[in-house]
1. When the distances between all Cα atoms of the stretch A:3-216 are binned every 5 Å from zero, what whole-number percent does each bin get?
2. With a probe of 1.4 Å, find how much accessible area the protein assembly as shown has per residue, and write the answer as a whole number in Å².
3. Each label point is 7 Å from the Cα along the Cα-to-Cβ direction; what then is the distance between the points at residue B:150 and residue A:94, in nm?
4. Would you mind putting B:63-70, B:203-210, A:182-189 in packing order, based on average other-beta-carbon counts within 10 Å, highest first?
5. Over all residues in A:82-90, what is the mean tally of Cβ atoms on other chains that come within 10 Å of each residue's Cβ?
6. Karplus couplings for the stretch A:64-76 from phi (6.51 cos²θ - 1.76 cosθ + 1.60, θ = phi - 60°), rounded to Hz, Gly and Pro as x?
7. Mind checking B:157-163 for the average number of partner chain beta-carbons within 10 Å of each residue's beta-carbon?
8. What does the helix-only formula give at 222 nm for chain A: each DSSP H stretch with n ≥ 4 adding -39500 (n - 2.57), the total divided by the residues, and the result rounded to the nearest 500 deg cm²/dmol?
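The values are calculated or read from the model by the stated rules, or taken from the named source; none is laboratory data. Remember, predicted model here, so these are calculated numbers, not experimental data. Cβ coordinates were reconstructed from backbone atoms using ideal geometry, including for glycine residues, and neighbour counts include every protein chain displayed. Note: areas computed on protein heavy atoms with side chains; ligands, DNA, RNA excluded. Shrake-Rupley method; radii C 1.70, N 1.55, O 1.52, S 1.80 Å.
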Number of protein chains: 2
Amino acid sequence: MSDDAKRDLKALTISVLGGTGPQGRGLARRFAAAGLTVVIGSRTSERGAEAAAGLVESLGGGAVTGGSNAEAAAAGDIVLVVVPWDGHKELLVELKDALAGKIVVDCVNPLGFDKQGAYALDVEEGSATQQAAAVLTGSTVVGAFHNVSAVLLEDPEVASIDTDVFVLGDEREATDLVQELASVVPGMRGVYGGRRRNAHQVEALTANLISVNRRYKAHAGVRVTDV
Amino acid sequence: MSDDAKRDLKALTISVLGGTGPQGRGLARRFAAAGLTVVIGSRTSERGAEAAAGLVESLGGGAVTGGSNAEAAAAGDIVLVVVPWDGHKELLVELKDALAGKIVVDCVNPLGFDKQGAYALDVEEGSATQQAAAVLTGSTVVGAFHNVSAVLLEDPEVASIDTDVFVLGDEREATDLVQELASVVPGMRGVYGGRRRNAHQVEALTANLISVNRRYKAHAGVRVTDV
């Protein structure tokens, strides 16, 4: 990432809705460790504040605060949605006005689980990202961070996250910025992965990576070659 | 790959249905170059034989013959299906008896194209691989080789294909063997990617890689990290 882009991101607030789950907590940790201003959103203001305080303590500093998902949505310039699929649409409907004019990064994987492992759920709008775009008509919706291992993100011993992040969207300025956001994490790289209409398979690929993890006892990620 | 596995594959015949298209031709080239016995199938016996002769000439040797898709299906122990999505089901229905008892590797990506690029098509059975399994009830159906660049496969100057191949299937012995088949190509590695029900997103990911190729002027592939 260029110094310019890094300076730009440092002027912005990154909010993480669902920032107290493993994936959201892990992403918040990595962004804060890179020196970005982070707001952790949760179901209650107290839980968000508690998670933020815990993260600052664990990192020995950092510009991290916390609040309710609504407070985090209002505070962020870039707002990551890292909530369970169950309740995804309802939360976005509730926060639609607070998220207007912002870049919203949907990170949600609509998956089901049974004895044979994980599988992709059918989504009426095509994907979680497209559902977010359908609800948040006043926001710029990007899909990203679908295939990143929460275990690695959360592990303070893991210095580098060896994976690419597919960034999906229809607005170039927004996808460029989210690629830069992914690239602040050491080892991680944001790669443009196509339009929102091609988000489903990137979300669903997480089911395959869960199968890979089970077979190989790994925390698999994906690298795009020749890029 | 172990010497044992390589010896096993060398005792088998690998047929490529649709072996005169870029992807099929490229895969046939790489398997023949690795010393395997290959049969190229095409719409007519003449076209298959012609492609085989051309490949032997280009490689300066190799155990490659050609024929109709029906002849190739009958000859193969492992039969790759590398035909256009349009006509996929009809061909499999036609060859159902010839393919019984064999390992069938579906490599087909159901994609549509418009001004905005490629996108995944809806498939009634869920994916091309699942459609093949639904039709070929007497065969063992595996999905693989979805995301490999035909341009790289066909380029004699490219010595190593720097990509992993997701291998999807419900029968361990068959997916193991197809992983080994992928791994005979220098640089390429077969990685178990889950059950057939998770094939759709791997097929559809080719649409994303087409977007990547356009944006970065690349021939993108995918590597699985931590495996």
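1. 1, 8, 16, 21, 22, 17, 10, 3, 1, 0
2. Values: 18110 Å² over 454 residues.
Roughly 40 Å² per residue, with all protein chains present.
3. With each label point 7 Å from Cα toward Cβ, the separation is 4.9 nm.
4. Numbers: B:63-70: 22.0, B:203-210: 25.8, A:182-189: 19.6.
So the order, starting with the most tightly packed, is B:203-210, B:63-70, A:182-189.
5. Details: counts 0, 0, 0, 0, 0, 0, 0, 0, 0.
Counting other chains' Cβ atoms within 10 Å and averaging over A:82-90 gives 0.
6. Each residue's phi maps through the Karplus curve to give 10, 10, x, x, 6, 4, 5, 5, 5, 4, 5, 7, x Hz.
7. Details: counts 0, 0, 0, 0, 1, 2, 4.
What the average comes to for B:157-163 is 1.
8. Working: 9 runs with 96 residues, N = 227.
The helix-only estimate for chain A comes to -12500 deg cm²/dmol at 222 nm.
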